[in-house]
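Have a look at the structure below before the remarks.
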DNA sequence: CATACATGAATTTTT
DNA sequence: TTCATGTATG
């Protein structure tokens, strides 16, 4: 189901141009399914061929998954040796790299810690003195948007419109102070701080500008203002022959992340900021049939164009796009299931379940489809659903394990020392953080500093020491304990000592929920201890005992194991996904569900629909249509349940924009009838012949 | 008055 | 699915 190179071999003329333009700024406007990853990987190969070292090339993506895929595909082209040392990473991991090397120039110790989204939320609850999780999330969102626009708390305070924003800006100020005290950064800082560094520190700037001879940026339309500035600074070079050597690959028609700070201005500005810019459009699509592509082109034609392009395909007209008109979400789900069953019935068992996807605007729409698929006994997966490892209780335990491995992991320290609560509050921790920042020590190192008594009460120091001793002892034991059974015993003992079960039942008002969480914890313990080995594995008839590893060793590899486990086995199941999460993927058969006014385009009560918003919604529709290779069914509600009665629902304007009846290649109805009769006759003849052959006697193989 | 259950509504997500 | 609001019951 994921993007496979559908293009036969070689490169088309536009792709060749893009690949061979090496010494100046290059923008590749890559339509959906036009082979952009192929262009990037071939261009990397070309750059190596032209004499660049792998370490002098940086390819930047937005997700780890995309980076991984790009590395794989490059490896297939240039071999593992060169591919291994190429810098292929996300904006964020490149930022980490820059900061680990040169962070001290802007007052950040190299061992700074990176807070994840949950860490940030709890820090904000703390900084804003609230227990309201929803409010904290709102602040988090606002602060992140500000940071994505390159604003700090002062800049944000100046830009505030509402009281709510002014409060958020004040919280942001406190939040910045906390981050500084803990020597921690959030995800947005991983872009913002490297930019600040390169702007302010000339030595660092020259070093990084000199390091990369060519920078490639994937999904360029998703960059935000800060990422653009960082890229611009990174590719500029004092030597005029070496400056501005980059390849930006993107599609303005697939820009769907404006709401989180991505700005299409970055595309519009590119020709102005780089007058030598070479713009190359990839218009041949290797994914979808003509009917699907035409619908997509018609829809997107209603948007103003930044760079003119029109997709075409050599894959033939294919099947017409189907329109499913449904009475309510249940009915819609039933029809989607019927669509899948009918396709599989017609095409025989050769059509896999993983060839199907149901795409929709909002997560809650998955509910009806899940229900009907379950009823039909069709296995499915919901993309973007909360993973086992994202659950709070599992993250709690992972933090503890991380701390056992590395006592200087400050975010892990903060989470572990506060879960369960052990009488050490943010007062104490704040002091400890300041102390650590002052002496350039991790929080854990600071614990046992003799001079800590000067800033903290004896009682506080006592509980800190107790925690420290407990962690040290547990860490030691974890290093000694091998094998599944002993590991499990140790982990259960540990949970009992920190009182985790009690903690769950105390913090959850519903006993059932707490019990469910505890069950997750037990699953997790099983999962970890199984990885400590000593068990009998039965692989392909070979019975072997897995090698024994200590709990500590397993904990060391936990993040790797988790990412592998999350990938999951590529199973043959139907995909349910939001349109956003479907970007970059493709399926032979796609159902685009809930294509109604209010949902797609989305409209909420309290904000008005600006033209920009509508255009982004239209791009979302475009992304949805272009996910399909062979068949596309667009489903819309004619009626919808509202309370107990059915009310009228309005099909999306985008359906009209697809101009489904405006097909120049449409078969004459009389012609179609004749063709179908012929096909039927041929089929019955074949069937009769088969039956006759079967009646004569058993064929070869019975 | 407070708690429990039912009912209805619901943007989109990565690092 | 989850989250919030409203009604019913103790």
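Some notes on this structure:
- Inspection of region A:368-378 finds no residue satisfying the criterion of being out of contact with any helix residue (DSSP H, G or I) (no Cβ under 9 Å at 6 or more places or on another chain) and within 16 Å of DNA strand B (Cβ to nearest atom).
- From A:367, A:361, A:335, residue being under 15 Å from residue A:637 (Cβ atoms), away from DNA strand C (no atom under 16 Å from the Cβ) and either under 30 Å from the mean Cα position of the chain (by Cα) or surrounded by fewer than 17 Cβ atoms within 10 Å (Cβ to Cβ) (or both): A:335
- Residue check: residue A:32 meets all listed conditions (1) over 21 Å from residue A:310 (Cα atoms); (2) out of contact with any strand residue (DSSP E or B) (no Cβ under 6 Å at 6 or more places or on another chain) but one, namely (1).
- Near pairs, Cβ below 6 angstrom, 6+ apart or cross-chain, from region A:131-160 (in contact (Cβ under 8 Å) with a residue 60 or more places away in the chain) to any residue that is within 14 Å of DNA strand B (Cβ to nearest atom) and in a loop (DSSP other than H, G, I, E, B): A:144/A:188; A:145/A:261; A:147/A:188; A:148/A:261
- Single condition residue A:302 does not satisfy, out of (1) buried (at least 23 other Cβ atoms within 10 Å of the Cβ); (2) in a loop (DSSP other than H, G, I, E, B); (3) touching a helix residue (DSSP H, G or I) at 6+ places or on another chain (Cβ under 7 Å): (1)
- Residue match in region A:287-298 (condition: in contact with a strand residue (DSSP E or B) (Cβ under 6 Å, 6 or more places away or on another chain) and within 16 Å of DNA strand C (Cβ to nearest atom)): no
- Test result for residue A:218, free of Cβ contacts under 8 Å to residues at least 12 places away in the same chain and either within 16 Å of DNA strand B (Cβ to nearest atom) or not assigned by TED's automatic domain parsing to the domain that holds residue A:623 (or both): no
- The residue that is farthest from residue A:227 (Cα to Cα), counting only those in region A:142-164 that are assigned to a helix (DSSP H, G or I) and within 16 Å of DNA strand B (Cβ to nearest atom), is A:164.
- Checking each residue in region A:113-141 for being surrounded by fewer than 20 Cβ atoms within 10 Å (Cβ to Cβ) and either outside any helix (DSSP H, G or I) or under 20 Å from the mean Cα position of the chain (by Cα) (or both) picks out A:114, A:116, A:117, A:118, A:121, A:128, A:129, A:130, A:131, A:132, A:137, A:141.
- Some residue of region A:215-229 being closer than 19 Å to residue A:36 by Cβ, assigned to a loop (DSSP other than H, G, I, E, B) and touching a helix residue (DSSP H, G or I) at 6+ places or on another chain (Cβ under 7 Å): yes
- Residue among A:512, A:459 that alone is within 33 Å of the chain's Cα centre (by Cα) and surrounded by fewer than 19 Cβ atoms within 10 Å (Cβ to Cβ): A:512
- Counting only helices (runs of 4 or more DSSP H) that sit wholly inside region A:396-512, those with at least 3 residues that are more than 28 Å from residue A:548 (Cα to Cα) are A:410-418, A:426-439, A:443-447, A:458-480, A:500-507.
Every residue, every condition in (1) away from DNA strand B (no atom under 11 Å from the Cβ); (2) surrounded by fewer than 19 Cβ atoms within 10 Å (Cβ to Cβ); (3) at pLDDT below 95, yes or no:
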site	(1), (2), (3)
A:55	yes, yes, yes
A:62	no, no, yes
A:66	no, no, yes
A:76	yes, yes, yes
A:79	yes, yes, yes
A:86	yes, no, yes
A:93	no, yes, yes
A:100	yes, yes, yes
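- Every residue from region A:603-653 that is near DNA strand B (Cβ under 10 Å from one of its atoms), crowded, with 16+ Cβ neighbours inside 10 Å and outside any helix (DSSP H, G or I): A:640
The values are calculated or read from the model by the stated rules, or taken from the named source; none is laboratory data. All figures in this text were calculated on a predicted structure; none of them were measured in a lab. Positions of Cβ are generated from backbone atoms using ideal geometry, with glycine treated the same way; all protein chains shown enter the neighbour counts.
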